[in-house]
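Notes for the one structure printed next.
The values are calculated or read from the model by the stated rules, or taken from the named source; none is laboratory data. No experiment lies behind these values; they were computed from the predicted model shown. All Cβ positions, even for glycine, are placed from backbone atoms using ideal geometry, and neighbour counts span all protein chains on display. Remember, those area values only see protein heavy atoms, side chains included, never the ligands or the DNA or RNA. Shrake-Rupley method; radii C 1.70, N 1.55, O 1.52, S 1.80 Å.
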Amino acid sequence: MKTSVFVGTSLDGFIARANGAFDFLKGEGGEGGPHGYDEFMATVDALVIGRNTFDIVRDFDPWPYGQKIVSLLAARGFQHLYVDGGITIQRFLRAGMIQRIIVNRVPVLIGSGIPLFGPLDRDVRLEHVRTQQYAGGLVQSEYVVAG
């Protein structure tokens, strides 16, 4: 099964403020415009999302994920899993269960908050696939985790 991360961060690497808010992602240069999210979601079979992220996005209208959270994904034949939520991403990465990382960096510095990446037991080597700039200054970089 392929597992991917598609996430927005501030330029200084934070996915949310300390209180969990990610209002800075929606501002000028943020994720509001087209940047490949819909195309990415069209390739996803299922979503694994952390509880904190779920609590924040569950009332979004429209629901941005379009898929139900399911158990026994591989046994049901799912082929592409989207992993979201800081702690969940970190745990999957530490377990060697992430193959692809797409980071959308918004041109804003927030100084502190919840980092995308946390402590690791070992280096995780990445291979750069592509980088693209979008209107407003959002920069999207895609990596594959080197085997």
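Residues are listed down the side, and each one gets a yes or a no for (1) at pLDDT below 85; (2) among the small types (Gly, Ala, Ser); (3) outside any loop (DSSP other than H, G, I, E, B); (4) touching a Lys or Arg at 6+ places or on another chain (Cβ under 8 Å):
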site	(1), (2), (3), (4)
Phe92	yes, no, yes, no
Arg105	no, no, yes, no
Ile110	no, no, no, yes
Gly118	no, yes, no, no
Val124	no, no, no, no
His128	no, no, yes, no
Thr131	no, no, yes, no
Gln140	no, no, yes, yes
Tyr143	no, no, yes, yes
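Filtering the stretch 15-40 to residues that are open to solvent by 20 Å² or more (accessible area, probe 1.4 Å), modelled with pLDDT of 80 or more and either assigned to a helix (DSSP H, G or I) or farther than 21 Å from Arg100 by Cβ (or both) leaves Arg17, Ala18, Asn19, Ala21, Phe22, Asp23, Tyr37, Asp38, Glu39.
Just one of the numbered conditions (1) at pLDDT 80 or above; (2) more than 20 Å from Val139 (Cα to Cα); (3) exposed (fewer than 15 other Cβ atoms within 10 Å of the Cβ) is not true of Pro64: (1).
Each residue in the stretch 133-143 was checked for being touching a residue at least 12 places away in the same chain (Cβ under 8 Å) and exposed (fewer than 15 other Cβ atoms within 10 Å of the Cβ), and 2 of them qualify. For the stretch 99-116, the set of residues classified as under 11 Å from the mean Cα position of the chain (by Cα) and open to solvent by less than 10 Å² (accessible area, probe 1.4 Å) consists of Ile101, Ile102, Asn104, Leu116, listed by residue number. Per the conditions (1) at pLDDT 85 or above; (2) under 18 Å from Thr9 (Cα atoms); (3) among the polar types (S, T, N, Q), the sole criterion not satisfied by Thr53 is (1).
Residues in the stretch 83-100 that are touching a helix residue (DSSP H, G or I) at 6+ places or on another chain (Cβ under 8 Å) and under 16 Å from Gly13 (Cα atoms): Asp84, Gly85, Gly86, Ile87. Going through the stretch 131-147 one residue at a time, which ones are under 13 Å from Arg100 (Cβ atoms) and over 16 Å from the mean Cα position of the chain (by Cα)? Scanning the stretch 131-147 gives Ala146, Gly147.
Applying a threshold of 6 Å to beta carbon distances and a minimum spacing of six or more residues, or different chains, the list of pairs starting in the stretch 114-125 at a residue that is within 25 Å of Gly20 (Cα to Cα) and of a type in the set (A, V, I, L, M) and ending at one that is open to solvent by less than 60 Å² (accessible area, probe 1.4 Å) and in a loop (DSSP other than H, G, I, E, B) reads Leu116/Gly13.
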